[in-house]
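What follows is calculated from the coordinates using simple rules that are stated; it is not laboratory data. The structure presented is a predicted model; accordingly, all values stated were derived computationally and were not measured. Counting neighbours? That spans all protein chains shown, and the Cβs are built from the backbone with ideal geometry, glycine included.
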Amino acid sequence: MIELQHLTKRFATKGGTVVALNDINLTIRDGDIYGIIGMSGAGKSTLVRCINMLERPDEGSVSVDGRRMETLSAGELRAARRDITMIFQQFNLLMQRTCLRNIMFPMELAKVPKEKAEARARELLELVGLPDKAEAYPAQLSGGQKQRIAIARALATDPKVLLCDEATSALDPNTTHAILQLIQKINRELGITVVVITHQMSVVEEICNRVAILDEGTVVEEGDVQAIFSHP
Ligand code: ADP
Ligand code: ADP
């Protein structure tokens, strides 16, 4: 379970202080596919980056499975980030490495023995439907295939939580659908809690069970997707 309490984050800019998050309170339950929706600049990215402490909150607390993220030491945070992994709009793959070695990368950092890491990476290539791309480089892949490799890499450390920051925003509708299906499969079959940032209602409607609507750093609506978006 992810619990955000009184989360506030400000940025100092030339134009003055920007309050990116203003006293956010949210609970994301185990097994949720939880949508965070809102316009550009609403604070979605900052909120999710506070869950794994890519951004440090100014006030409030972030607890993941009872672990108070803002209190962790650097070493503890490294370990926590193997449990809470992330995918991005621009995939962030390492261009000089093959797909297989991209997926092995987090396991290398976690000092998993090479043979074991390679075996696991090949299993993950199967899981994401690209078993024949082990030796391909990211530049040789389509956007959807790149995101599949990024998902495989995110799963390499057997996380409990997958954070998705506009993961389908660079993809066409058909590819978006396929990636959302893969995310749903990961949630159901591996029991991974998923947090999905999006500006697209259709993404929330397709896979999320719960949603928070963010506007100017505040949660303006929160709850069951059916209840909030059901058409009369
Ligand atoms: P969203 O993901 O909903 O588009 P963000 O979380 O990226 O929103 O941004 C929320 C607000 O915080 C915006 O006004 C943005 O410009 C500001 N912001 C985000 N990151 C930074 C930063 N590193 N420095 C200054 N302002 C930032
Ligand atoms: P997103 O699509 O996630 O909202 P952005 O393009 O808003 O991405 O932000 C990308 C990066 O730039 C993030 O690391 C964010 O913290 C930073 N950023 C966003 N807004 C600002 C800003 N006004 N000033 C400085 N950095 C910013």
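Observations on the model:
- Over the chain, dividing the summed -39,500 (n - 2.57) contributions of all DSSP H runs of at least 4 residues by the number of residues returns a 222 nm mean residue ellipticity of -11000 deg cm²/dmol.
- Under the Debye formula (equal points on every Cα, no solvent term), log10 I(q)/I(0) of segment 1-143 at q = 0.12, 0.19, 0.20 Å⁻¹: -0.65, -1.16, -1.20
- For Phe91, net neighbour charge (Lys/Arg +1, Asp/Glu -1) across residues whose Cβ lies under 14 Å away: +3
- Burial order of peptide ranges 14-21, 127-134, 147-154, 48-55 (average beta-carbon count within 10 Å, highest first): 147-154, 48-55, 127-134, 14-21
- Per-pair calculated FRET efficiency, R0 = 25 Å: Asp215 and His6 via Cβ, rounded to 0.05: 0.90
- Pairwise alpha-carbon distances in segment 62-133 exceed 14 Å for 68% of all pairs.
- For the pair Gln140 and Ala119, a Förster radius of 22 Å applied to the C-beta separation gives a FRET efficiency near 0.40, rounded to the nearest 0.05.
- Net lengthening on full extension, Leu94/Glu59 (0.36 nm per residue, minus Cα-Cα): 9.2 nm
- With a threshold of 29 Å on the Cα-Cα distance, the over-threshold entries among Lys44/Lys114; Lys133/Lys160; Lys44/Lys185; Lys44/Lys146; Lys116/Lys146 are Lys44/Lys114.
- At least 15 Å along the helix axis (C-alpha) and Kyte average at least -0.5, DSSP helices within the chain: 99-109, 143-155, 173-190
- Cα pair distances exceeding 21 angstrom across segment 117-195, given as percent: 23 percent
- Cα-Cα pairs of segment 172-232 separated by more than 18 Å (percent): 40 percent
- Alpha-carbon centroids, segment 109-138 and segment 157-180: separation in whole Å: 19 Å
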